[in-house]
Amino acid sequence: MLTYLLDVGDLADARFVVSPLNETVLSLFHLNKVYDTAHHLTGWRCEANARRGEYDRELIDALVSPSGKQIPDFLTPVTAQADVRPTFDAHLDAVRGTDARTARAELVELAEGAAPSGPLARLIALDDPAPVIADALAAYHRAAVAPVWPAVQRILESDVVFRGRELAVGGPTRLFESLSPRVEWRRTGELSVDMSCSVVAGEVRSPGLGLTLMPSVFTTRITTAHDPTRTAPNIGYPARGSATLAESVPPVADDALRRLIGTAKADLLAVLAEPAAVVDLAAALGISPSAVSQSLKVLGASGIVESSRYGRRVLYRRTTLGDALVDRRGEGPHGP
C-alpha cells in the first residue's frame with residue numbers, strides 16, 4: 001500500500017498527462033504473453049506481432065524483465081510541469097539523452113538477480129545504450145503503436161474530459177473514486193493507493209510538485225510510472241472506454257430514433273457514447289467532417305449534445321437528454 005500525503009497546493013497543481021511514448025512503452029508488457037492480454041488488446045497484439053519484421057523484436061523484448069513486472073525507468077521520462085501533452089519525439093529525445101551509467105544500471109536491474117539474457121547482455125555492454133534503445137523504440141512505435149494512436153488518443157482525451165466533469169461535480173473525492181476502488185482520498189490530505197511499488201511502500205510526503213494522473217489504454221490496473229520519492233506523486237490508471245479500441249464497427253441507432261431525428265443525426269448520437277472530436281466522428285461514420293459539424297450544430301441547438309474545449313480540440317458528448325434518447329429502454333450503447 002502506498003499513501004501520498006498531499007496538501008491543497010498539490011491538488012491545485014494536479015494534471016492529466018497523455019504521452020505517446022509512455023503508451024508505447026507500456027504496450028511492451030502486452031507483446032509477450034507473460035500475463036493474459038486484456039481482451040481489448042488482443043487484436044492490437046496480433047497486429048504488432050505480425051509487424052515484428054519492421055522493428056528489432058529481440059531488443060524490444062529485452063526491455064521487459066523476465067517476470068513481466070519491470071521496465072527501465074528512463075524509458076518513461078518525467079513530464080515537465082507545464083507540458084501535459086509531450087510529443088513522442090520530445091520524450092524520445094529525453095530517453096536518447098539518458099547518461100550511460102544510469103541506463104546500464106537500470107538495464108542490469110531487469111535481470112532480476114539472474115544472468116541477463118543474450119540481448120539484454122549486449123545492451124548492457126554498449127558504451128552508450130540509450131541512443132540504440134531510442135532508435136529501436138522509434139521503429140517499434142511506427143510499426144505497432146502509430147497505426148492505432150488516433151484511436152488511443154481519442155480514448156485518453158475522452159477519459160480526461162470525463163474525469164474533469166467528475167471533479168467539477170463531486171470534488172476530489174468523486175474524482176479519485178472514479179479512477180479505481182483501489183484509490184481513496186481522505187479529507188485530511190491522504191491519497192491511499194492500493195498497489196505494489198518496487199521502490200517504496202507506506203507514506204510518501206509530496207515534495208510540492210503537484211499530482212500527475214496518467215490514463216492508459218495499455219494498463220489494466222493502478223500503477224506508478226516513476227519513483228514517487230523523486231518526482232511528483234503519480235498514478236497511472238486504466239482509461240475509461242479502453243474496450244472501444246477493439247471495436248471496428250461503429251454503433252448504429254435503432255429505427256425508431258432514426259425516424260425521430262433522421263438517420264445521420266441518430267447514428268452520430270449513437271457513436272457519441274464517449275466524448276469525441278469532429279474528425280474522430282467523421283472517421284468512425286465514414287462521412288465528411290462538414291457533415292458531422294452540421295449535424296452537431298442541430299443536435300447542440302436542441303440540447304441533445306454539448307461541447308467542451310480540451311487544448312486545441314473541441315470534444316462533443318451527449319447530454320442527459322441525448323443519453324435518454326439512445327438508451328430510452330436500457331438498450332443501445334453504454335459506457336464501460
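Some points to look at:
- One entry in [x] 143; [y] 170; [z] 191 is volume of the Cα convex hull per residue in Å³ calculated from the shown coordinates; its label is [x].
- Furthest towards positive pole of dipole, ALA136, PRO150, SER302, structure part the chain, Cβ charges: SER302
- Antiparallel content of DSSP bridges confined to the chain, in %, to 5: 60 percent
- Helical runs (DSSP H, four residues minimum) scored at -39500 (n - 2.57) apiece and divided by the length of the chain put the mean residue ellipticity at 222 nm at -12500 deg cm²/dmol.
- Computed over protein heavy atoms with a 1.4 Å probe, the accessible surface of the chain works out to 48 Å² per residue.
- Accessible-area value, SER293, 1.4 Å probe, nucleic acids and ligands omitted, Å²: 50 Å²
- The residues packed around TYR55, meaning those with a beta-carbon under 13 Å from its beta-carbon, carry a net charge of -2 if Lys and Arg are +1 and Asp and Glu are -1.
- Formal net charge of residues neighbouring GLY236 (Cβ-Cβ distance under 11 Å; K, R +1; D, E -1): 0
- Heavy-atom accessible area ranking, 1.4 Å probe, most first, across ARG163, ARG101: ARG101, ARG163
- Carbon plus sulfur fraction of accessible area for the stretch 236-309, probe 1.4 Å, in percent: 55 percent
- When LYS265, LYS69 are compared by accessible area of protein heavy atoms, the largest-first order is LYS69, LYS265, using a 1.4 Å probe.
- Placing unit charges on each Cβ (+1 for Lys and Arg, -1 for Asp and Glu) gives the stretch 145-238 a dipole about its Cα centre, and among PHE176, PHE162, THR188 the Cα reaching farthest toward its positive end belongs to PHE162.
- Within-9-Å neighbourhood charge of GLY189 [Cβ basis; K, R +1; D, E -1]: -1
- Peptides ranked, highest mean first, by Cβ atoms within 10 Å: ranges 89-100, 270-281: 270-281, 89-100
The values are calculated or read from the model by the stated rules, or taken from the named source; none is laboratory data. It should be emphasised that the depicted structure is a prediction, and the values quoted were computed from it without experimental measurement. Cβ coordinates were reconstructed from backbone atoms using ideal geometry, including for glycine residues, and neighbour counts include every protein chain displayed. Side chains included, ligands, DNA and RNA excluded: accessible areas come from the protein's heavy atoms. Shrake-Rupley method; radii C 1.70, N 1.55, O 1.52, S 1.80 Å.
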